[in-house]
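The values are calculated or read from the model by the stated rules, or taken from the named source; none is laboratory data. Note that the structure is a prediction, hence the values are computed from the model and not measured. Neighbour counts are summed over all protein chains in view; Cβ atoms, including those assigned to glycine, are modelled from backbone coordinates with ideal geometry.
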Amino acid sequence: MADMSAKNVSAEQRVTELRESEVRLRLALEAAQMGTFEADIGGGQAIIDAQEARLLGLPPETRLVSSEEMRARIPFEDLQASDKKKKRLEEHDEAYHHEFRLRMPDGSERWLSAYAAIRSNRIFGVNFDVTERKRAEAALRESEARLRIAASGAALGVFEWDAKADRTVWENDRMYEIFGHARADGALSKQQFVESYMHPDDVYVFEEALQDAMQTGGNFHVTCRIHQKSGLQRWLQIDGKAELTDTGEPWRLVGVVADITERKTLEQEAEELSERLVNLQEEERQRIAQELHDSTAQHLVAANLNLMSLRSKASSGSDAAELWDEVEASMEEALKELRTFSYLMHPPTLHADGLRATIRQYIDGYASRSGLTVRLRSSPKVDKLPFRMQRSLFRIVQEALANVHRHASASQVSVDLRRIAGRLHLIVTDDGRNVGGTPQHEERGPFRPGVGIRGIRARVRQFGGDLRIRMGSRGTTVHAVVPIGHARRRKPSSVRRSAQGKSRRAP
């Protein structure tokens, strides 16, 4: 009897444990929003639970569903694939997993993911809703397709670089075209790209921009030159976005590459044309100044001397004598203005005395003529710059001060020439009113983009510099930055033309 009691207690415990296991399973299925189904192999009906009924779009109390009814709501291609998988399940006990579309009673479509297995000649399985994931996957595919179309239309190469492994994946054929590679050659690692393809003069800027992006997870942008295996030099613009790991470590860079060789070639030709125009302008100014000095001024001097010799024939105190005085004064004023104009056209002191003394002499005359207070601060090192650069800097000062006098209604002007870390900064600041301009906006107010400002910009770009014009309620600042030292000048035209297809490699 004792043994029977023990067996009964053991059976009751197993039943209790089974019920608890079923409860836990039911709670887990409900939490995961999974529905269950059960059917005989080859049967025409399936037993479902309430969650499965909701997934199938049926009333929650539905417990039996017809197989034919369900098959009629599944697209043919999904049904055909399901039948093949079910056959492998029945014949080879191969695991069944299938994702299919199901048309709902309201006409909408739902994606379900089904798992099933055979136990004791019955099929047991679960379904759960994957509609959102499928929509996200479809949206991603569409986005990738649009990206491929856009990249192809814009002739962009697409890449992904693994920072830790230094492994690069080239995503499209355009990358291989840009580098002159066949797919069999494979993609370049970052080290190969820098050491074997990049122009040596561009390595520092590239590495600095890349390091900054990878440390901050920010954007990457750089323009550089490469040499293909064939020897052709190309200009590339590389843009990307760096990504970090969850711990903040550099992970990868995803980006695009554009071949901008044609654009760079046109820019260089435009710069060369601007340089030639500036040089022609200087030559013409020198010729005019020389003509004024050697011819026109000499005629005025001779005419003045003749007037002086004829002066003795005029009666003292007569109206003729008074008129004679006025003519002589006018001749002297004309000669003075002619000499000033000739000096402004071509200052002879620039060769002899250097830039500082020439600017000082010009500013003294400018202050006297305009009535403005002008302050000059200049580094002695500017006199050691190449003469062509000194001449261009002097012309920039001339044009900037002329704009202030004509447009700014200023009372004070400052001119600063500073050398800072291999760059020369020329800063002209006035306290005039911002005529028609917007604070901090370039090329408005006194500095509209006319001939003068274009001339200043051309002279700055001639030496690879940059021009910034900042405006505010308290005046305008013209700030020209010109690299000096090793980066002072661009390469000669013959070297730059290698971008057009010459086979000249960097040293």
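Identify, by number, the condition in (1) within 17 Å of the chain's Cα centre (by Cα); (2) surrounded by 13 or more Cβ atoms within 10 Å (Cβ to Cβ); (3) part of a helix (DSSP H, G or I) that residue 208 doesn't meet.
In the conditions (1) within 17 Å of the chain's Cα centre (by Cα); (2) surrounded by 13 or more Cβ atoms within 10 Å (Cβ to Cβ); (3) part of a helix (DSSP H, G or I), residue 208 misses (2) alone.
Which residue, of 363, 396, is modelled with pLDDT of 80 or more and either under 19 Å from residue 278 (Cα atoms) or among the hydroxyl-bearing types (Ser, Thr, Tyr) (or both)? Write out each step before concluding.
Values: 363 fails: either under 19 Å from residue 278 (Cα atoms) or among the hydroxyl-bearing types (Ser, Thr, Tyr) (or both).
Of the residues listed, the single one that is modelled with pLDDT of 80 or more and either under 19 Å from residue 278 (Cα atoms) or among the hydroxyl-bearing types (Ser, Thr, Tyr) (or both) is 396.
Please enumerate the residues belonging to the range 369-386 that are assigned to a helix (DSSP H, G or I) and at pLDDT 85 or above.
Keep residues of the range 369-386 that are assigned to a helix (DSSP H, G or I), which gives 369-370, 380-384.
The answer is 380, 381, 382, 383, 384.
Can you name every residue in the range 473-507 that is modelled with pLDDT of 75 or more, farther than 20 Å from residue 419 by Cβ and surrounded by 14 or more Cβ atoms within 10 Å (Cβ to Cβ)? Break it down into steps so the answer makes sense when it comes.
At the first step, the residues of the range 473-507 found to be modelled with pLDDT of 75 or more are 474-484.
With farther than 20 Å from residue 419 by Cβ added as a condition, the list becomes 474-476.
Those that are modelled with pLDDT of 75 or more, farther than 20 Å from residue 419 by Cβ and surrounded by 14 or more Cβ atoms within 10 Å (Cβ to Cβ): 475, 476.
Count, please, the residues in the range 346-361 that happen to be in a loop (DSSP other than H, G, I, E, B) and under 14 Å from residue 393 (Cβ atoms).
At the first step, the residues of the range 346-361 found to be in a loop (DSSP other than H, G, I, E, B) are 346-348, 354.
Checking which are under 14 Å from residue 393 (Cβ atoms) leaves us with 347, 354.
Residues flagged as in a loop (DSSP other than H, G, I, E, B) and under 14 Å from residue 393 (Cβ atoms) within the range 346-361 amount to 2.
Determine the pairs where a residue that is farther than 17 Å from residue 383 by Cα, located within the range 354-370, has a partner that is buried (at least 17 other Cβ atoms within 10 Å of the Cβ) and at pLDDT below 90 with Cβ atoms under 7 Å apart, the partner being 6 or more residues away or on another chain.
366/401; 370/405
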